[in-house]
Amino acid sequence: MKILVTGGAGFIGSHTVVELLNAGFSPVIIDDLSNSKKSVLQGLKNITGIDLPFYEGDCNDRDLLKKVISAEGIEGVIHFAAYKAVGESVDQPLKYYRNNVGSLVTLLEVLSELKIKNLVFSSSCTVYGQPDIVPVSESTPRKPAESPYGNTKTIGEDILRDTIKSGAALSIISLRYFNPIGAHPSAEIGELPTGVPNNLVPYITQTAIGIRKKLTVFGNDYNTKDGSNVRDFIHVVDLAKAHVSALNLLKKSEAPFYDVFNVGTGTGNSVLEIIETFEKVNDLKLNYEIGPRRSGDVEQIYGNVDKARDIMGWQVEKTLDDSLRDAWAWEKKINNK
Ligand code: WQD
């Protein structure tokens, strides 16, 4: 089954391409390379031995989407392509609405025109905002997003729900990611943050390798086990495998079909626990200090992931140690250390 992976040269997209091949699917990548590098394709070839079909382009480009889907005989799509920097989205909301929401609408129009049934949408736990109770399940009420980025995910889910309600001949699954971390164990692909990383783990590995002088922990006065924020940190390979499980469920489904799944470990770990685990697993000391809170941060969130286990037959296989070991191996590899 040929699967179009939009944003397939990105962090989660590239790892999903590997797992699609492992599961017997035939992925085709479209990516505008705005937040990824063409070198990722070489990493994918080093892992899989295959020169993957790659199209450089924007998912707002309707003609390009139609051309690729028709030419490649695409039967399903995994839609990763989106901007994802929370802070940038606050400064440039229209850029985020145009790209993240616009590309989804364009894709849906093309899918119905070409009668393609299966779609997996990259959503986010950010739709839960600051939950009143943790862990959050799929029935936990969504809350107003903390950023335009998060709002594009909420709006994206609403667009999918309304499209299905209109009777579209589509089968769609939204996967709500928590915090993807780590890298492929081969260290051939991993996270490639542009500029100063916003996310915790790449900042940790860049501090450990000497690119950054010191990590700042954004607050330790929260009402959590050690005062620092709690998140659900999931190995990117486990997250990638969830997309294969979602496609297999869609293959068995009758359109119109829509469902939503949390994709996390089901365990909450604090920022300070991540630091301690990183130091232990990699046998090093990290230079960090406690600083002021970062505005917009949620105090704690982690997922109840029973639904993905019970309905998709998916659950994580890797541990936090695996994630932080693989993240460090990748950082060393890209810095030739
Ligand atoms: C995690 C924790 C920070 C950096 C965001 C998006 C989410 C998804 C993942 C895209 C927080 C703390 C971080 C640092 C720190 N985005 N931290 N020092 O904010 O949970 O989620 O990224 O897919 O939708 O909202 O991730 O890694 O930025 O922060 O103390 O230098 O680490 O305060 O508690 P976040 P994050």
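Some observations on this one:
- So Val110, is it of a type in the set (Val, Ile, Thr) and under 20 Å from the mean Cα position of the chain (by Cα): no
- Checklist (1) small (Gly, Ala, Ser); (2) surrounded by fewer than 16 Cβ atoms within 10 Å (Cβ to Cβ); (3) more than 12 Å from the ligand (Cβ to nearest atom) applied to Ala308, failing item: (2)
- Taking segment 37-73 as the range and being surrounded by fewer than 22 Cβ atoms within 10 Å (Cβ to Cβ), of a type outside the set (Gly, Ala, Ser), touching a residue at least 12 places away in the same chain (Cβ under 8 Å) and farther than 23 Å from Thr194 by Cβ as the test, the residues that pass are Thr48, Ile50, Pro53, Arg62, Leu64, Lys66, Val68, Glu72.
- Enumerated strands (runs of 3 or more DSSP E) restricted to segment 111-193, each holding at least 3 residues that are within 16 Å of the ligand (Cβ to nearest atom), of a type outside the set (Lys, Arg) and closer than 14 Å to Val77 by Cβ: 118-124
- Residue in segment 285-292 that is part of a helix (DSSP H, G or I), charged (D, E, K, R) and either touching a Leu at 6+ places or on another chain (Cβ under 7 Å) or more than 15 Å from the ligand (Cβ to nearest atom) (or both) present: no
- Filtering segment 194-220 to residues that are surrounded by 17 or more Cβ atoms within 10 Å (Cβ to Cβ), over 20 Å from Ser323 (Cα atoms) and more than 7 Å from the ligand (Cβ to nearest atom) leaves only Arg212.
- Selection status of Ile234, part of a strand (DSSP E or B) and either out of contact with any helix residue (DSSP H, G or I) (no Cβ under 8 Å at 6 or more places or on another chain) or of a type outside the set (Ser, Thr, Tyr) (or both): yes
- Asp310 being farther than 20 Å from Ala187 by Cα and in a loop (DSSP other than H, G, I, E, B): no
- Condition broken by Tyr258, with the remaining ones in (1) aromatic (Phe, Trp, Tyr); (2) in contact with a Leu (Cβ under 7 Å, 6 or more places away or on another chain); (3) within 16 Å of the ligand (Cβ to nearest atom) satisfied: (3)
- Of all residues in segment 203-226, those satisfying the criterion of being part of a loop (DSSP other than H, G, I, E, B) and without any contact (Cβ under 8 Å) to a residue 40 or more places away in the chain are Gly210, Arg212.
- Among the residues of this structure, Val260 does not count as one that is touching a residue at least 60 places away in the same chain (Cβ under 8 Å) and assigned to a helix (DSSP H, G or I).
- Condition met for Ile274 (under 22 Å from the mean Cα position of the chain (by Cα) and either within 14 Å of the ligand (Cβ to nearest atom) or in a helix (DSSP H, G or I) (or both)): yes
No lab work stands behind these numbers, since they all come straight from the coordinates. Predicted model, so just to flag it, every value in this text is computed and none were measured. Reconstructed Cβ throughout: ideal geometry from the backbone, glycine too, with neighbour counts over all protein chains shown.
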